[in-house]
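To keep things clear, I will list the structure first and then write my remarks on it.
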Amino acid sequence: MRFTFNENKLNKIENTPIKETTLKYVVDTKNGINSLLCIAGLIVFMFVIYIIGSIILPSGRVGAMPAIICIGGIIGMIKYAIYHFGGGNYKKLKSYCQSNGIDISDVENDFKNRRIYGNALCAVGDRYFICIDRVIPVDDIYWVFYSDYKTHTEGKDSKKFFLEICCNDGTITEYYAAPEYAAAILNELNKKHPNIVMGYSFALEKLYANERDEFIAKADAMRPESIYEMKSLNL
C-alpha cells in the first residue's frame, strides 16, 4: 500500500526557506527558546486560572493546587531550557560522532546544504543523514521506507508512523515522522542519492534480512514502483 499526504503541506515544507544555518542552533538553541516561551505561556495561563477562580469561588477556596502545578511546570521548563542552552543535544551528537569516527565539523558543513529538517528532526545532506541523536553516512544507507504500526491496547486503537533507515550493517533506525515530512525526506533522498532504494516491498525485506551483502546488486531489479510504498502492520 502507499501512504497519502497533503500536497499543499508537502509543497510548503519543501519550499520553505531554511533560516537556521547551524546544527547547534537547530538541535539546542531553538528548543531552548521554545521552552522559555512555554514557561511564559504557563505562567500567564495559571495566573488567569487563579484570577478567574478568585472571582468565581468564595474567598480562600481557590487553594494552592494551581500555584503548585505552575511552579512544578516552571521548574521543569527551566531545567529543559538549561539543558538546551547548555548544548545538551549538540554535546550528545558530538559524542556520537567522536565514537563513530565522524568529523563533527564535516557534519556541520554538510548540514548547511540540507533542505529538509522537520518534526522528524532529520536532515538530508550531501554526505550524511543527520538527526538529533545520530549521524549516518549516506554511503552506509541501503534502504529507506515509511511504515505504520497499528496497535490496540486497553480498548483503544492507535497508529504510529516511522521513517525506517536500513544500513549495510543490518542496523535499522526508526524515526517518528508525519506523512508530509516523510514524503519530503524521501523526495530529497531520492533526488540527492538515487542509489538508495526507496519504498517498501516484502521482497526487499526478505532480501535485506537474508542476503544483505548482495542487497545493492539485487535490489535494483526489485525497486518498488513508488517511493511512497509503505509497510503497514497490526500489532
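Tabulated results
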| item | result |
| --- | --- |
| Filter result (touching a helix residue (DSSP H, G or I) at 6+ places or on another chain (Cβ under 7 Å) and more than 21 Å from Ile136 (Cα to Cα)) within segment 212-227 | Lys218, Met222 |
| Matching option when the condition is of a type in the set (A, V, I, L, M, F, W, C), out of contact with any Cys (no Cβ under 7 Å at 6 or more places or on another chain) and over 17 Å from Ile196 (Cβ atoms), among Phe161, Phe145 | Phe161 |
| Long-range neighbours under 7 Å by Cβ, at least six apart or interchain, first residue closer than 15 Å to Ile104 by Cα and acidic (Asp, Glu) within segment 21-32, second assigned to a helix (DSSP H, G or I) and at pLDDT below 80 | none |
| Those residues of segment 181-217 which are closer than 29 Å to Lys12 by Cβ, of a type in the set (Ser, Thr, Tyr) and in a helix (DSSP H, G or I), in sequence order | Tyr181 |
| Lone unmet requirement of (1) over 22 Å from the mean Cα position of the chain (by Cα); (2) modelled with pLDDT of 95 or more for Asp157 | (2) |
| Ala183 being out of contact with any helix residue (DSSP H, G or I) (no Cβ under 7 Å at 6 or more places or on another chain) and aliphatic (A, V, I, L, M) | no |
| Residue identified as over 30 Å from Met222 (Cβ atoms), surrounded by 12 or more Cβ atoms within 10 Å (Cβ to Cβ) and at pLDDT below 75 among Val107, Val62 | Val62 |
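The values are calculated or read from the model by the stated rules, or taken from the named source; none is laboratory data. Keep in mind that what you see is a predicted model, and the values were worked out from it rather than measured. Please note: Cβ atoms are built from the backbone with ideal geometry, for glycine as well, and neighbour counts cover all protein chains shown.
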